[in-house]
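For reference, the structure is listed below as structure tokens.
Each value in this text was obtained by applying a stated rule to the coordinates, not by laboratory testing. The model shown is predicted, which means the values in this text are computed figures rather than measured ones. Here the Cβ positions follow ideal geometry from the backbone for every residue, glycine too, while neighbour counts run over all protein chains shown.
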């Protein structure tokens, strides 16, 4: 490998995990406002396979144009190799983590040995966790944070006319569906940290894991539909979302709120009758929020659970693991 190239996972076409190619790619050029990071670990997230598949579940008018070949991924942890002259706050040798350029595309992305990231997307890696755990955090923990704690930006909301507004959680009952997954396991911990009574919904094998993270109650959806058990809930965070998210209207008290993470809710009239607020947002890169979260990750208030690890060259296997479901925490790629 020359000094002008690096190893990366690139797409040349849409398709299944088999279209992920481990190959040489141009080393990213450092631009103003950016930091060049030598990547040690990469967190994988649902948008990675949505892009790989060609965003087939989105309406055609929502599908972005994809400039093949393209490198996948957003979540990285690594060491600063170089800093643009106009960047302050980072130095060569700093250990950093971040979610790079989401939701937009850039010329440099995460499934690679190096990434050139906007400095505003990065934060100093918490010293108390390693690169694997740091890489597992950004998108999932920022999603939980921006839905539940603080939105942190003023960008227009592409999912609804109004801004999403998190609600005070202290003393409230919060139900989290998909609680064992990436977003879910962080949401359990953040809601508990903010003083909520947390009901976790997942399959039975995840019960002890979720109770360790602070869940007060657990519902095994393989035995009973959660909407038949839970009631008088103040807030539902449905990390799975989709067309079935409307069933959680039955669990909410009048004046409660339903936050679906993914598109598909279509019962606005029923929600209005029940006085339920339904609200969504799209997670966005935010280095300052990751810096704030770094304190919680560093002292163990929030833990990053790792489902599995694969070398960067085996990204295909990581995507196959993701498609098999029942993930506990995050899947991470390691970069030698």
Mind jotting down the distance between the C-alpha centroids of the stretch 298-336 and the stretch 107-163, whole Å?
-> 16 Å
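May I ask you to sort 216, 307 by Cβ crowding, counting other Cβ atoms within 10 Å and putting the fewest first? Write out the running numbers ahead of the final one.
On the way: 216 15, 307 19.
In order of increasing Cβ crowding within 10 Å: 216, 307.
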Crossing angle, helix 182-193 versus the chain [Cα axis fit, 0-90 degrees, rounded to tens] = 60 degrees
In units of 2.2 N^0.38 Å, what is the alpha-carbon radius of gyration of the stretch 165-278?
-> 0.96
Residue with peak Gaussian network fluctuation, the chain [Cα springs, cutoff 10 Å], from 45, 231, 286 | 231
Calculate the translational D of the stretch 70-205 in whole µm² s⁻¹ from Stokes-Einstein, where the hydrodynamic radius comes from the Kirkwood formula applied to all Cα pairs, the temperature is 37 °C and the viscosity 0.692 mPa s.
-> 197 µm²/s
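Provide 139, 309, 6 in ascending order of the number of other Cβ atoms located within 10 Å of each residue's Cβ, fewest first. Please list the in-between numbers first.
Values: 139 27, 309 17, 6 20.
Placing the least packed residue first, the sequence is 309, 6, 139.
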Of 180, 272, 322, which is the most mobile in a GNM of the chain whose springs link Cα atoms less than 10 angstrom apart?
-> 272
To the nearest 0.05, what FRET efficiency results for residue 266 and residue 12 with a Förster distance of 41 Å applied to their C-beta separation?
-> 0.70
Neighbour-count ranking [beta-carbon atoms within 10 angstrom, fewest first] of 223, 205, 172, 330 = 223, 205, 172, 330
For the stretch 5-54, compute Rh as the Kirkwood radius over C-alpha pairs and then the Stokes-Einstein diffusion coefficient at 20 °C and 1.002 mPa s; write the answer in µm²/s, rounded to an integer.
-> 168 µm²/s
With -39,500 (n - 2.57) per DSSP H segment of 4 or more residues and division by the full residue count of the chain, the 222 nm estimate, nearest 500 deg cm²/dmol, is -5500 deg cm²/dmol
